[in-house]
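The values are calculated or read from the model by the stated rules, or taken from the named source; none is laboratory data. Just so it is clear, the structure is predicted and the values come from calculations on it, not from any experiment. Quick reminder, even Gly has a Cβ in these numbers, built from the backbone with ideal geometry, and neighbours come from all protein chains shown.
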Amino acid sequence: MTPTDDTSPPSGDDLRTLPDRQLTNDELAGHTIDELIDYYDAGLMPPNDSIDTSAGCQLALADIAHLRQLTMHLVDDDSAAQPPVDEGWITSILSHIGAQVEAGRDVPVFGAEVDSRVVITEGALRAIVRAAGDRVDGVFVGRCRFAGDLTELGAPIEVEVEASMLWGQNLMQTAELVRENIVADVRRHTLLNVVAVNVVVQDVRRPSHVDEGGDGREGNDGGPEGSDGGRSRGRGGREGNDGGGPEGGGDVSGVGGTGGAER
Amino acid sequence: MFVAKPGLVVRVPLAEADDRTLAGRASDGDVRAFEVLIRRHGPLVRGYAARLMGSTDEVDDVVQAAFITAWQQLPTLSDPAAVKGWLLRVANRKALDRIRARKYHDDIDDESRPPLVTPDSTSPEALAEHHAVQSALSRALTELPELQRQCWLMKEVAGYSYDEIGTDLGLPTSTVRGLLSRARTSVIARMEPWR
Amino acid sequence: MTAPEDTVADALELLLRTIPGVAAVYPSAPLPAVIVGGVLTKTRVVAPPRLVSVSSARGEWRVTAAIGVDENVPAEQTGRAARERIVEYLTSGAASPAGATSPASATLPPRVTVRISMVG
């Protein structure tokens, strides 16, 4: 039997009908649990004297905090309790998506006429950029964007890539290697007129063998709470890399042009 | 279009890349990066979907459909670093669709579905209290009426706002507040012995 | 009965696969058409769409081919070679475009697009 949902808003009386504990409005200084949860969600801001000085409210807030913690544990436990990821299941997803990649624009690489020409898709161009950047030790290329009129043969093109690098790497030098590789590969494959490659370092990873705190399932998780991701993003604003020191900051941009590949 | 090329030599294991890098690559069409995201977050998404649906039946299908949709919609994800929460939301929508379809097809037959496996509350005493508390919460959630449970999970786990829950469930925000209020009250009450 | 366009498409697909640097031939038609084709194929009424799109009218061939290329050869070089070979084939007289009023040698130059869809 599944209990039925009652979608009508609860009356204030509900709070008084708890079996184990009488949460009366009096006890909560006239506040409701929902108000307290919203207050908690807002980071206890702006300060509310009536809540802050009520023992009942403080008790309820502690419950709420505890419940939040339990919920996060529950999600982790649920996640860990899942059966091992089935390879066939993954293969099936991949076979569905393999044929669905957004190819993006057609970028002409030979022949100006619309109906007789050789083009490369923007998606394939990104694959070239990724492969070129990934060839540098410790580097993963992330998102990649092009600026300039891609659809006009010979128009100047700028490339912007996000990159993840290893902790301890010289970011400027590494970015320069990434830039050189990208300029060289894009030119070799497409003859495109790449005038600049901007490398934005958005993540600095600790080497995985140092990461003994991890649970081994995910390696370095750069999710919102991942320490690496957070720190490097904090540091990696677009400004403040002028010093060019080894840990000099996030945005290492430079103009390539013909100079991009040389230096 | 791209097709993942078998036998491609991978010099550095992409599994070490952070979420933002992987999501960025995947939205650019890198199937391998997406595969790493599936392996990394698949269990979380699966656990969440099972909670939401109150059953592990169909959960593989739902999560699979969620990942396929996620792949198509990745280019619209404005903050690739937030891909984990975003995946939960995509799965949330798929699970709700499935629940609606299920309601339509079999209205009454609740018993035929395998129940969500919850930790056994009668385990040996050696079980850490952690587990007992967790299973109490798990049971409390399982025993919530369906809509209350959905609202609760969407708010507390997936981080939806009241308005967003209302939109996805097709309910007025005031109703969502009411459902959540009931859910919270009963979850807190059920957790009382563990305080 | 196979349309002449399909025969040419099959021949061009085989031709493309012999070109050094060409690693794959992909469907060049938009995806929806391919999906519909897949469904139709199951009913065994219609042949699957060709990977290479070929059409002809008023004495002119129009061809679009999507290829994946080996990263060890410059992609544009492979793409150009593919385009040249296709043009060569179409002007060799092996087949005549629809609407041709004169021998193959006198027809309009074929319009050929080679799309590089994957590198590496």
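Taking each residue of segment A:68-91 that is within 7 Å of another protein chain (Cβ to nearest Cβ) and looking for partners that are part of a loop (DSSP other than H, G, I, E, B) with beta-carbon atoms closer than 6 Å, six or more apart or interchain, yields A:Val75/B:Val157. Answer with yes or no whether A:Gly142 is in the same structural domain as A:Val201 (by TED's automatic domain parsing), in contact with a helix residue (DSSP H, G or I) (Cβ under 7 Å, 6 or more places away or on another chain) and within 30 Å of B:Met154 (Cα to Cα). Here the answer is yes, as A:Gly142 does meet what is asked. Is one or more of the residues making up segment A:137-160 over 30 Å from B:Asp60 (Cβ atoms), of a type in the set (Val, Ile, Thr) and free of Cβ contacts under 8 Å to residues at least 24 places away in the same chain? No, segment A:137-160 contains no residue that is over 30 Å from B:Asp60 (Cβ atoms), of a type in the set (Val, Ile, Thr) and free of Cβ contacts under 8 Å to residues at least 24 places away in the same chain.
Taking (1) exposed (fewer than 12 other Cβ atoms within 10 Å of the Cβ); (2) at negative phi; (3) in a loop (DSSP other than H, G, I, E, B); (4) modelled with pLDDT of 75 or more in turn, C:Leu14 satisfies each apart from (3).
Quick grid of which residues meet (1) farther than 24 Å from B:Thr76 by Cα; (2) away from chain B (no Cβ under 13 Å); (3) in contact with a Gly (Cβ under 8 Å, 6 or more places away or on another chain); (4) among the charged types (D, E, K, R):
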| position | (1), (2), (3), (4) |
| --- | --- |
| A:Arg143 | no, no, yes, yes |
| A:Asp149 | no, yes, no, yes |
| A:Pro156 | yes, yes, yes, no |
| A:Glu160 | no, no, no, yes |
| A:Gly168 | yes, yes, no, no |
| A:Thr190 | yes, yes, no, no |
| A:Val194 | yes, yes, yes, no |
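Give segment B:141-151 a look and list any residue that's within 9 Å of another protein chain (Cβ to nearest Cβ), free of Cβ contacts under 8 Å to residues at least 40 places away in the same chain and assigned to a helix (DSSP H, G or I), or say none. Within segment B:141-151, B:Leu147, B:Gln148 meet the criteria. Counting only residues that are within 22 Å of B:Leu22 (Cα to Cα) and in contact with a strand residue (DSSP E or B) (Cβ under 8 Å, 6 or more places away or on another chain), segment A:177-205 holds 13 of them.
Taking the conditions exactly as written (part of a helix (DSSP H, G or I) and more than 10 Å from chain B (Cβ to nearest Cβ)), does A:Ser50 satisfy them or not? For A:Ser50, the condition - part of a helix (DSSP H, G or I) and more than 10 Å from chain B (Cβ to nearest Cβ) - is met. The lone criterion from (1) closer than 23 Å to C:Thr78 by Cα; (2) outside any helix (DSSP H, G or I); (3) at pLDDT 90 or above left unmet by A:Val200 is number (1).
Among the conditions (1) modelled with pLDDT under 90; (2) more than 9 Å from chain A (Cβ to nearest Cβ); (3) not in a loop (DSSP other than H, G, I, E, B), the only one that B:Gly159 does not satisfy is (3).
Say whether the condition of being crowded, with 17+ Cβ neighbours inside 10 Å and modelled with pLDDT under 90 is met by at least one residue in segment B:106-117.
Restricting attention to segment B:106-117, the residues satisfying the condition of being crowded, with 17+ Cβ neighbours inside 10 Å are B:116.
This time we only want the ones that are modelled with pLDDT under 90, so: B:116.
Looking for residues that are crowded, with 17+ Cβ neighbours inside 10 Å and modelled with pLDDT under 90, one finds at least one in segment B:106-117, hence yes.
If you go through segment A:92-109 and pick out every residue that is more than 7 Å from chain B (Cβ to nearest Cβ), under 23 Å from the mean Cα position of the chain (by Cα) and aliphatic (A, V, I, L, M), you end up with 0. Checked against (1) in a helix (DSSP H, G or I); (2) within 15 Å of C:Arg111 (Cα to Cα), A:Val119 meets all criteria but (1). Scanning segment B:61-81 for residues that are buried (at least 17 other Cβ atoms within 10 Å of the Cβ) and part of a helix (DSSP H, G or I) yields B:Val62, B:Val63, B:Gln64, B:Ala65, B:Ala66, B:Phe67, B:Ile68, B:Ala70, B:Trp71, B:Leu74, B:Pro80, B:Ala81. So for segment C:17-33 (the condition being out of contact with any helix residue (DSSP H, G or I) (no Cβ under 8 Å at 6 or more places or on another chain), of a type outside the set (A, V, I, L, M) and modelled with pLDDT of 95 or more), does at least one residue qualify? Yes: segment C:17-33 contains one or more residues that are out of contact with any helix residue (DSSP H, G or I) (no Cβ under 8 Å at 6 or more places or on another chain), of a type outside the set (A, V, I, L, M) and modelled with pLDDT of 95 or more. Exactly one residue among B:Arg177, B:Arg184, B:Arg195 is facing chain A (nearest Cβ under 8 Å) and at pLDDT below 85, and that residue is B:Arg195.
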